[in-house]
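Notes follow once the structure below has been shown.
Laboratory data are not the source of any read-out in this text; all were calculated from the coordinates shown. What you see is a predicted model; the values in this text were computed from it and never measured. All Cβ positions, glycine included, derive from the backbone under ideal geometry; neighbour counts span all protein chains shown.
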Amino acid sequence: MPPQDLPLGQRPRLLDVSHVEKTFNGDVVALKDLSLEVNEGDFISLLGPSGCGKSTALRLISGLMHPTSGRINWSGGQGADDLGIVFQEPTLMPWATVAENVWLPFRLRGQSYVSVRDEILEALKLVGLDKFQNAYPRELSGGMKMRVAIARAMVTHPRLILMDEPFAALDEITRFKLNNDLLELKAKIGCTVIFVTHSVFESVFLSDRIIVMAARPGRVIRELHVDAPYPRHEDFRTSAEYAAFTRQASEALHDAMGEAA
Amino acid sequence: MSIAEEAPVTIAGVDVEEQARARRDRIHRIAKWTLPSLVMVLSILAWHLYVTIGEIPHYILPGPVRVAQSLVEDWALLWPAMMITSRLTILALLMAIVGGVVLAVAFTQSKWAEMSFFPYAVILQVTPVIAIAPLLQIYVESAFVAALLCAWIVAFFPILSNTTIGLKSADHNLQDLFTIYGATRWQRLRYLAAPSALPFFLGGLKIAGGLALIGAVVAEFVIGRAGTGLGLASTLLEASYRFNFGRLYAALILISLMGVVIFAIMSLISHLALRSWHESALKREGQ
């Protein structure tokens, strides 16, 4: 049984973040005592106001930044292709076609385009852009560019995909569509996702665990479990269950803001 | 009366506004060539009338006919001179490209190299080449090589400075992405920094093309003076000493022509390299 279909308590451990702190310039505490157990198949949202250290947490997990104290341990060690990442901007290379952009993670490992063409087309098909493989990014809409970025992040089948407010700059209709598609994708390829957002609605719809964070200093306030079964479809958005979870998350976020103020 | 009858549609699917725009575009396309040509013809005509009616002596201002005559009669002299100036300009530009790009890569790969040498690149640039040329003439035996160095000094800086900025201008998130995927230094340079720098480099190339010609002309003025007659600029200077103003103007016209051709070639290269992806090469709708 794929780990994402197991109940929350029974999934194998992927990553242990224990007592991680990050201090900038010796006195600005960006993140205070973050502990987080990431299990295979989890969809974890880091939810909080600006300055709560959620993006810092993501950068620490990605290895782009190193913690001032604390440890981040991958079970079984971290390999070169264990990680995919999606930023708030699509971050595509404007001089390369859609397919060449998705090729990038392979290319940096020294794999020729021909040898991975099937994987690239498969990833593009999963995000619904296989017809646009020869288009340049400037020819695509904002939502389509984001789909390319997602295809690039998952084309190597990484164990963990980090997403840093990927849909924040999109309009609501596109965002809802991409939320639905993201869940479908995740079910298909069975990866683990850590998703940074400041939207309560998005976090409830997508995740099975929500880590609510507060600012100054950035820290975890509460962890919520969204015990609604996947697959979740558009009708989940209008369900009473969904409303109840969003209320819980909103209240937690409200507490987080209250403590900060 | 229905709305459909009111709308003044003449050609299927093309409204009045679109028709007007198409007409305007057509007129613009024709005017872009005819207007400057007309201005040129009128100026030459005015020049001719001014010289003939005012009976201006040709050693003050030769008429267009006389200049055209010089172009034809002195062609045997002008053509080899133009070849020398062209060779000087093109070689200087090629050296500027190689030198500028190599230095820019060195500067962006090593902070130490940049700190150590960038100030001297600036000093070389801000010192007027006309002040350096006589020195080069003394220390470098070949007049051609001395002139080449002059033109190179002038042309290389815009390439160096633009390429350096370009290599540093790669998107920060893309740089992070390359870090996450464990890209090597070489991969970073080849797949990220170099394409990011391309539009900047091409901008520098356009400036450098013009400057290489200016550098060549200045060098010929200063170095060619010693009787080692070089190219078009030396010919121009010599013609002015002899009050042969027809030849002087003919040489001047050829020099400007070279400048125009260089600019056109650089623009074409830039267009071809960027047309598929860069904002500067895109046509927007309705414009």
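For this structure, a couple of remarks:
- Using only alpha-carbon positions in the stretch A:121-261, the gyration tensor eigenvalues give semi-axes of 29, 17, 14 Å once each is multiplied by 5 and square-rooted (largest first).
- Counting every other Cβ atom within 10 Å of each residue's Cβ, B:PHE157, B:PHE144 order from fewest to most as B:PHE144, B:PHE157.
- Once the Cα gyration tensor of the protein assembly as shown is diagonalised, semi-axes √(5λ) in Å: 64, 32, 19
- Rotationally averaged projected area of chain B (alpha carbon convex hull; nm²): 25.3 nm²
- Over all Cα atoms in the stretch B:84-196, the spread is summed up by Rg and Dmax: 17.2, 55 Å.
- Per the Kirkwood formula applied to alpha carbons, the stretch B:142-217 shows a radius of gyration over Rh ratio, Rg over Rh, of 1.20.
- Simple point charges give the picture: +1 on the Cβ of Lys and Arg, -1 on the Cβ of Asp and Glu, and for the protein assembly as shown a dipole about the Cα centre of about 1520 debye.
- Span-rule helices in chain B, defined as complete DSSP H runs reaching 27 Å or more along the axis (Cα) with Kyte mean at least 0.0: B:16-53, B:75-109, B:143-168, B:194-223, B:245-274
- Within the stretch B:54-156, GluC sites (Glu not before Pro) in DSSP loop having at most 11 other beta-carbon neighbours inside 10 Å: B:GLU55, B:GLU141
- Using every pair of distinct Cα positions in the stretch A:9-143, the Kirkwood expression returns a hydrodynamic radius of 17.6 angstrom.
- The stretch A:73-126 and the stretch A:155-228 have Cα centres separated by 20 Å.
- The order of A:LEU92, B:LEU202, A:LEU8, A:LEU224, going from fewest to most other C-beta atoms within 10 Å of their C-beta, is A:LEU8, A:LEU224, B:LEU202, A:LEU92.
- By the count of neighbouring beta-carbon atoms within 10 Å, fewest first, A:LYS145, B:LYS168, A:LYS32, A:LYS131 end up ordered A:LYS131, B:LYS168, A:LYS32, A:LYS145.
- Dipole magnitude for chain A: computed about the Cα centre from +1 point charges on Lys and Arg Cβ and -1 point charges on Asp and Glu Cβ, it is near 500 debye.
- The stretch B:78-126: chymotrypsin sites (Phe, Trp or Tyr not before Pro) in DSSP coil with no more than 14 other Cβ atoms inside 10 Å: none
- Using alpha carbons only: equivalent-ellipsoid semi-axes of chain A, gyration tensor based, whole Å: 29, 22, 18
- Rounded if a/c under 1.5, otherwise prolate or oblate - the stretch A:47-123, Cα gyration tensor axes: oblate
- The stretch B:1-156 shape via C-alpha gyration tensor axes, a/c threshold 1.5: oblate
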